[in-house]
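Worksheet: one structure, shown below.
The values are calculated or read from the model by the stated rules, or taken from the named source; none is laboratory data. Source: prediction; values computed, not measured. Note that we place each Cβ from the backbone using ideal geometry, even for glycine, and neighbour counts take in every protein chain shown.
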Ligand SMILES: *Cc1c(COP(=O)(O)O)cnc(C)c1O
């Protein structure tokens, strides 16, 4: 076996590998549909000195941009000198609403402030409780806290990574106002059950669809199902504009209120830059700009085809790795008709890999040239909660016992989420824009590590 002890030797090895022209056609034959073994050395994981599964091919870059097709409108905007909110933002809003099959859309600065605004304009504030899963990006929770409301954590379903509908009702109190249904990783929440619970208890449903562009539940686009949906167009998201966000709803009055709030409190329809209309509410300024909208219109043209590719590749990759012991891929609810696959998640159970810890698995996978991450850490136990509860603002708004952090933690335990956070592995959405062969390479890398788990474990112990 090749000695392998430093980064340098790995680089040397990668070079030899690419010179030998091995590249992606390296695989174990034990996974159905994978190419036959190219040579004996191909079975040796990169972390043990073997050739990497991914020596030559590059992952699809993100974000995508084509100067020829994408820059005309952007240049027109730049040359017009009209950069602040005007007709191009309105056009983008119309196009995004149409893509979702929803009546109204308001573009704002980012997904975080789309959530903050939606929660605020639904009249949720001090003393109110909002149900939220702990398996999400921090902005889902901070948007509740920004409004002075209290996040109440509902544990997740380990198989789908989503809020567990069976655990929602136990968390409802007379103070509960809304459910924040987060379609995390771009995989839809079980909306039928969430909506039924919300109806029964007269709760609002806000969808955090910041990772779920064009995902569908029962043929309806997520974000259009609840009382409001929020999206992010941050650079890593499936519809990337650098920064950006949107609130969508079928409720005209609600979107008019959101418009006013994000536009100094001026009434909906009032001209941007006008100082004479008079403010109808206390507002702030969270406006989208014309050149952002021009980028968004260009990106929107490729989103549907990309979403189809992600769905096909996710399903294919899942079929290749699902029978490897220790790998438990995501499940979709029966009524999900399309995913967004902002991420491709599975649970890694080290018992299936001779006890090889997840971190060592990830390291070995990266050595094969497969980027991967361990995902979120639990949001229900992080220090930001105590910091908020200790703030003078919260001390004024809530009775002392509500802000007792130990009591709060005791009431907000989410053991399934804790377990999932310890087991999760993610691949990013751009990897799912590759070819079928790319998916085979990922599966080969996983399989190679699986077969050599014992040796890799020993490496870590030296
Ligand atoms: C990205 C994201 C947000 C926040 O969006 P920004 O545009 O980054 O502010 C909120 N919720 C979820 C689930 C996200 O992934």
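Elements of the type helices (runs of 4 or more DSSP H) sitting completely within the range 390-429 and holding at least 2 residues that are over 30 Å from the mean Cα position of the chain (by Cα) and farther than 19 Å from residue 153 by Cα: these cover 392-397. Candidates are the residues of the range 159-177 that are within 21 Å of the chain's Cα centre (by Cα) and crowded, with 18+ Cβ neighbours inside 10 Å; the one that is farthest from residue 421 (Cα to Cα) is 165. Within the range 332-349, being crowded, with 24+ Cβ neighbours inside 10 Å and assigned to a loop (DSSP other than H, G, I, E, B) holds for 339, 340, 341, 342.
Only one of 291, 333 is closer than 25 Å to residue 100 by Cα, in the same structural domain as residue 246 (by TED's automatic domain parsing), in contact with a helix residue (DSSP H, G or I) (Cβ under 9 Å, 6 or more places away or on another chain) and in contact (Cβ under 8 Å) with a residue 24 or more places away in the chain. Can you tell me which?
After ruling out the rest, the residue left standing is 291.
So in the range 354-372, with the set limited to residues that are more than 17 Å from residue 50 (Cβ to Cβ) and out of contact with any strand residue (DSSP E or B) (no Cβ under 6 Å at 6 or more places or on another chain), which one is surrounded by the most Cβ atoms within 10 Å (Cβ to Cβ)? Here the residue is 362. The selection criterion, being part of a helix (DSSP H, G or I) and surrounded by 19 or more Cβ atoms within 10 Å (Cβ to Cβ), holds for residue 255. Scoring residue 130 on the criteria (1) within 15 Å of the ligand (Cβ to nearest atom); (2) assigned to a helix (DSSP H, G or I); (3) more than 24 Å from residue 303 (Cα to Cα) leaves a single failure, condition (2). Exactly one residue out of 246, 215, 228, 181 is surrounded by 21 or more Cβ atoms within 10 Å (Cβ to Cβ), in contact (Cβ under 8 Å) with a residue 40 or more places away in the chain and either farther than 16 Å from residue 112 by Cα or more than 15 Å from the ligand (Cβ to nearest atom) (or both): that is 215. Counting only residues that are under 14 Å from residue 288 (Cβ atoms), part of a loop (DSSP other than H, G, I, E, B) and away from the ligand (no atom under 16 Å from the Cβ), the range 79-114 holds 5 of them.
I'd like to check something: does the range 135-148 contain any residue that is in the same structural domain as residue 248 (by TED's automatic domain parsing), more than 15 Å from the chain's Cα centre (by Cα) and away from the ligand (no atom under 16 Å from the Cβ)? Yes, there is a match, as at least one residue in the range 135-148 is in the same structural domain as residue 248 (by TED's automatic domain parsing), more than 15 Å from the chain's Cα centre (by Cα) and away from the ligand (no atom under 16 Å from the Cβ).
Annotation note: of 352, 369, the sole residue that is more than 16 Å from the ligand (Cβ to nearest atom), under 27 Å from residue 45 (Cα atoms), touching a helix residue (DSSP H, G or I) at 6+ places or on another chain (Cβ under 8 Å) and not in a loop (DSSP other than H, G, I, E, B) is 352.
When you look at residue 107, is it assigned by TED's automatic domain parsing to the domain that holds residue 213, more than 20 Å from residue 303 (Cβ to Cβ) and buried (at least 23 other Cβ atoms within 10 Å of the Cβ), yes or no? No; evaluated as a whole, the condition is false for this residue.
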